[in-house]
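Peer 1: Input: one structure, supplied below.
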Amino acid sequence: MIKEWNMSLGDAGLLGTSTLIGVGLSSIVLGWFSDNYGRRRALLISLAIFGVFTVAIAVSQTWEQFMVLRFLAGLGLGGVWGIASAYVSETWQAKHRARATSFVLSAWPVGYGLAALLSSIILPQYGWRALFACGLASLLAMIYIYFFVPESKVWQENKNKREIEADRPAKVSVKELFSGGLAKRTILATLVSCCTLTAYWGINTWLPTYLTKERGLSVEMMGMFLIVINVGMFIGYQLFGYAADKLGRKKICILSFFGAAIMIPIYVFTDHVTVLFWMGPLLFLFFSQAGVFGAYFSELYPTHLRSMGAGFCFNFGRGLSAFAPFLLGSIATKYSLGTGFALCAITLIIGAVLTLFLPETSKQAGAAAVLESEASA
């Protein structure tokens, strides 16, 4: 694409940035919709938006059109994480919640690995446009959800209870995330998300380019590297999800942040191809905190704010990290992508420090009940 449209690395970074800005806005709009009108309906709408505009990218004629369509696709993509996290958290008991959310959200590296496999097959033969046409696959998820996924009983019961107590339709407002004792949690969790996702999205966006341009891999070999990397990430989701249920969400988040911060410079300074191949999954093993976030951020909020709260912290933080691909592209233009990757370790350390000021929800007996009482006090 850079070659086809004669783009600079900074301009190319904006293509990733536009997606993340859409994701950040989506967390507010679709999170609000989910808490007011149901998890199932909101998830269907999110997938529809993402699928339609991802397929539309295949016929974009300029990089500006591509950027707008990626922004619109991001409006759908951002809603999925918060809605799914809330749904799973409302389905599982607290002692298994981090494992459950981590397992469900580990579909992300599985999907990324499949996309990498598709790219190694499709890109050399048919080009990048055919790859984006594969966004039609989201329709399969929509069909499954429509026929087999019921509405969250916890959400429905909570909504009915609040409407009976208020004697009117119970509506959720974004300002509730910043009222009472929730303001500090919302701000800190959003900043933690921003710091960690700045590192993740910065590296994730540019990793294919780094492997081909600075490490000399072919497109086919690059695809295999990405597949193995996401195997490591999938394992990390399960490992850290299990550990979070046993040791606590907060401790495991901090551990994963420091682990990734240590591994990034080691990965950058590895130039032997075979060693680089095996270091990739080890690095991305520590980039699996999003699975623990699914349980952790959901537990920071009462039921009626759970989807919007968790989605806001994660996806608004992701939106704030939107300029990471652009900044790394600019750094690469002057120095190298490896230098930009190494700098990402700093944001992870900041995220770990900020996490120290958040509560450890898994240690609260009946965490959901406690939060419900706080919200109504």
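Peer 1: For region 47-117, rounded, prolate or oblate, judged on the Cα gyration tensor with a ≥ b ≥ c (square roots of eigenvalues), a/c < 1.5 rounded, else prolate if a/b > b/c?
Peer 2: prolate
Peer 1: Shape of region 135-203 from its Cα gyration tensor (a ≥ b ≥ c, root eigenvalues): rounded if a/c is under 1.5, otherwise prolate when a/b > b/c, or oblate? Don't jump to the answer; show the numbers that get you there.
Peer 2: Numbers: a/c = 3.42, a/b = 1.08, b/c = 3.18.
Judged from the Cα gyration tensor, region 135-203 comes out oblate (a/c at least 1.5, b/c at or above a/b).
Peer 1: Got the relative contact order for region 60-162 handy, in percent, Cα pairs under 8 Å and 6 or more residues apart? Display every interim value, and only then the final one.
Peer 2: Values: 25 pairs, mean separation 23.6, N = 103.
Across region 60-162, relative contact order equals 23 percent.
Peer 1: Computing the accessible area with a 1.4 Å probe over protein heavy atoms, can you report the carbon and sulfur percentage for region 1-78?
Peer 2: Details: 2200 of 3100 Å².
Taking all protein chains in place, region 1-78 shows 71 percent carbon and sulfur surface.
Peer 1: Scattering from the C-alpha atoms of the chain alone, worked out with Debye: what is log10 I(q)/I(0) at q = 0.13 1/Å?
Peer 2: Once normalised to I(0) and log-transformed, intensities are -1.03.
Peer 1: So, one more: As a test of the formula, what do you get for the chain when each DSSP H run with n ≥ 4 contributes -39,500 (n - 2.57) and the sum is divided by the residue count, at 222 nm and rounded to the nearest 500 deg cm²/dmol? If you can, show how the numbers build up before the last one.
Peer 2: Values: 19 runs with 292 residues, N = 377.
About -25500 deg cm²/dmol.
Peer 1: May I pose another question? Run the reach check for Lys3 against lysines, Cα to Cα strictly under 21 Å, same-chain hits fewer than 8 apart removed. What comes back?
Peer 2: Lys213, Lys334
Peer 1: Would you mind checking the tilt of helix 249-268 against the longest principal axis of the Cα atoms of the chain, expressed as 0 to 90 degrees and rounded to 10?
Peer 2: The answer is roughly 10 degrees.
Peer 1: List the lysines whose alpha-carbon lies under 17 Å from that of Lys250, not counting same-chain residues fewer than 8 positions away?
Peer 2: The qualifying lysines are Lys95, Lys184, Lys363.
Peer 1: With everything on Cα atoms, drop me the angle between helix 367-376 and the longest principal axis of the chain, reported from 0 to 90° to the nearest 10.
Peer 2: 70
Peer 1: If I stretch the segment between Thr339 and Lys175 completely, what's the gain in nm (0.36 nm per residue apart, minus their alpha carbon distance), one decimal? Present the calculation step by step, with values, prior to reporting the outcome.
Peer 2: On the way: separation 164, 0.36 × 164 = 59.04 nm, distance 3.98 nm.
Computed gain between Thr339 and Lys175 is 55.1 nm.
Peer 1: Here's something else I'd like to know. Which whole number in µm²/s is D for region 212-287 by Stokes-Einstein, with the Kirkwood Rh taken over Cα pairs at 37 °C and 0.692 mPa s? Walk me through the numbers before you get to the answer.
Peer 2: Numbers: Rh = 13.2 Å.
Using the Kirkwood radius from Cα pairs, D works out to 250 µm²/s.
Peer 1: Which angle from 0 to 90°, rounded to the nearest 10, does the C-alpha axis of helix 289-299 make with the longest principal axis of the chain?
Peer 2: Here the helix axis deviates by roughly 20 degrees.
Peer 1: Return the distance in nm (one decimal) between the two label points of a simple spin-label model at Tyr37 and Lys161, each offset 7 Å from Cα along Cα→Cβ.
Peer 2: 2.5
Peer 1: Okay, moving on. Enter the mean projected area of the convex hull around the alpha-carbon atoms of region 1-92, in nm², rounded to one decimal.
Peer 2: Values: hull surface 24.8 nm².
Taking the Cα atoms of region 1-92, their convex hull projects to 6.2 nm² on average.
Peer 1: In addition: Packing-wise, with mean Cβ within 10 Å as the measure, how do 79-92, 123-136 rank, highest first? Please list the in-between numbers first.
Peer 2: Values: 79-92: 25.6, 123-136: 14.7.
Averaged packing, sorted descending, gives the order 79-92, 123-136.
Peer 1: May I ask you to give the percent of accessible area on region 240-359 that is carbon plus sulfur, with a probe radius of 1.4 Å? Don't skip to the end; give the middle numbers.
Peer 2: Values: 3230 of 4130 Å².
Carbon plus sulfur share of accessible area: 78 percent.
The values are calculated or read from the model by the stated rules, or taken from the named source; none is laboratory data. What you are looking at is a predicted structure, and each value in this text was computed from that prediction instead of being measured. Every residue, glycine among them, receives a Cβ derived from its backbone with ideal geometry; neighbour counts consider all protein chains shown. Surface accessibility is based on the protein's heavy atoms, side chains included, excluding ligands, DNA and RNA. Shrake-Rupley method; radii C 1.70, N 1.55, O 1.52, S 1.80 Å.
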